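Have a look at the structure below, then the notes.
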């Protein structure tokens, strides 16, 4: 999870393999011109129910909103189909 990509502000989350870090793709790519802080990343995993989810949370500076996004990372899916839940509050 990053706040900048190629000198652009936003919310960016990438996935890559440790053997070849130059080969990556975006899970989330939102260009919003806002700084973020207090970022957290968690992985929820349940072997019996066969799910693995990535929980991303952060606070946007100046807007003072707290954002939580949950992504399904258990299977390969297209860029917009992996978001399970998104919440934004003041």
Exclusive hit being on the phi > 0 side of the Ramachandran plot, modelled with pLDDT under 90 and assigned to a loop (DSSP other than H, G, I, E, B), set 79, 33: 33
Filter pass, residue 71 being in a strand (DSSP E or B), touching a residue at least 12 places away in the same chain (Cβ under 8 Å) and either in contact with a helix residue (DSSP H, G or I) (Cβ under 8 Å, 6 or more places away or on another chain) or farther than 17 Å from residue 3 by Cα (or both): yes
Single residue of 19, 53, 47 found to be surrounded by 14 or more Cβ atoms within 10 Å (Cβ to Cβ) and farther than 21 Å from residue 5 by Cβ: 53
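The values are calculated or read from the model by the stated rules, or taken from the named source; none is laboratory data. Since this is a predicted model, take the numbers as computed values, not measurements. Positions of Cβ are backbone-derived with ideal geometry, glycine not excepted, and every protein chain shown enters the neighbour counts.
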